[in-house]
Each structure stands twice: as C-alpha cells, then as structure tokens.
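This report concerns only the one structure given below.
The values are calculated or read from the model by the stated rules, or taken from the named source; none is laboratory data. Everything quoted here is computed from the prediction, not taken from an experiment. Cβ sites come from the backbone with ideal geometry, for glycine too, and all protein chains shown count toward neighbours.
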Amino acid sequence: MPATLTLYQLSADYRHALDALTEREDLPEQAIADTLEALEGELEDKALNVARYVRNLEAEAAAIAEAKKRMETRERAAVNQSKRLKEYLRFELERTGLKPKAPDLALSVQKNPPSVSIDDEAKLPAEYLETITSTRARKQELLEALKAGQTIPGAQLSQSTRLVIR
C-alpha cells in the first residue's frame, strides 16, 4: 500500500471493506465496527485535508483576482494618461506647426481616413439600415413552468450537487 492514499483510493477501500465485512456472518459486530471506524477516520481526515486545500486554492484565486483588479485599474490609468498626453501633444503640434525629430522617433500630425458620423439614425433612408434580431431562452420562465408540472419539448428540470465547505 502506498504511503499516502488518495481520497479516491480510501473511498474504494472503505466500500470494499464494507462489502467484505457484511458478507461474513461469523465476524463479531465489534470487529466490523472497529474496522470500519479505522477506515472511516482515514477517509474523513483525507476529506478534511482536501477541503482545506480547496479553501487555500480559493483564497489564492481571490488574491489573484484582487491583484488583477489593481493591475487593470493601473492599466486603465496608464492608457487614459497616454491618450490625454497624445491629444495634448497633437493639439500643440497642430497649433505650432512643428514636426520634431530625433534619432529614435519623429512626430507629425496626419489626417485620418474619412469616417461616417451619424447625427440622427432615425432620419437615415431604409436602404442604409439593417435589422438584427436574436433569440434566447427565458430560463427563469422555463424553470417556473417546469416546476409547476408543465411538459415543455426541448427542456427538462435537472439538478446537480455542490460541495459546501463551512
């Protein structure tokens, strides 16, 4: 037997021992209880340790998410500051007509390609408009109808489980 068993192995051992012990009629009840209690203790300890590791991973994920938020805030600030400075620089170069150059960069103001500005979409001719539609299931209404006993083709109630660590 390996030095440390996985939760899966301990669970399988517990079930195997339970099956083997219940098949034998000549074993005293106390021997069965003692054997199962020993296996159950290992299984519970392993399960608790796995749950502790899960909590640790959740805390690490939360710390990463918080660091990510801080970095995104810093990124937005840097991007916004860069945009403001570029606009300031463009305005001043347009105003003065300067075209500064250095060995590592050159500055100039260029015209952008033409683009469309829409003042009032309601006034546009129909030939320049397109209609976009989308469909999606209203899950909350489906849930309520199915819970009320209705049969709805293409939908059914399903229920999963989750682990709660308190």
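Listing for the model above:
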read-out: Which numbered condition L98 misses (of (1) within 30 Å of Q156 (Cα to Cα); (2) among the hydrophobic types (A, V, I, L, M, F, W, C); (3) in a loop (DSSP other than H, G, I, E, B)); value: (1)
read-out: Single unsatisfied condition, L98 versus (1) free of Cβ contacts under 8 Å to residues at least 12 places away in the same chain; (2) touching a helix residue (DSSP H, G or I) at 6+ places or on another chain (Cβ under 6 Å); value: (2)
read-out: Sole exception among (1) in contact with a helix residue (DSSP H, G or I) (Cβ under 7 Å, 6 or more places away or on another chain); (2) closer than 30 Å to G154 by Cβ for K139, by number; value: (1)
read-out: Within segment 103-150, considering residues that are under 30 Å from L93 (Cβ atoms) and of a type in the set (V, I, T), the one surrounded by the most Cβ atoms within 10 Å (Cβ to Cβ); value: V109
read-out: Filter pass, E66 being farther than 30 Å from Q110 by Cα, modelled with pLDDT of 80 or more and not basic (K, R); value: yes
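Quick grid of which residues meet (1) in a loop (DSSP other than H, G, I, E, B); (2) farther than 30 Å from Y53 by Cα:
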site: Q110; (1), (2): yes, yes
site: I118; (1), (2): yes, yes
site: T131; (1), (2): yes, yes
site: Q140; (1), (2): no, yes
site: G149; (1), (2): yes, yes
site: Q156; (1), (2): yes, yes
site: S160; (1), (2): yes, no
site: L163; (1), (2): yes, no
site: R166; (1), (2): yes, no
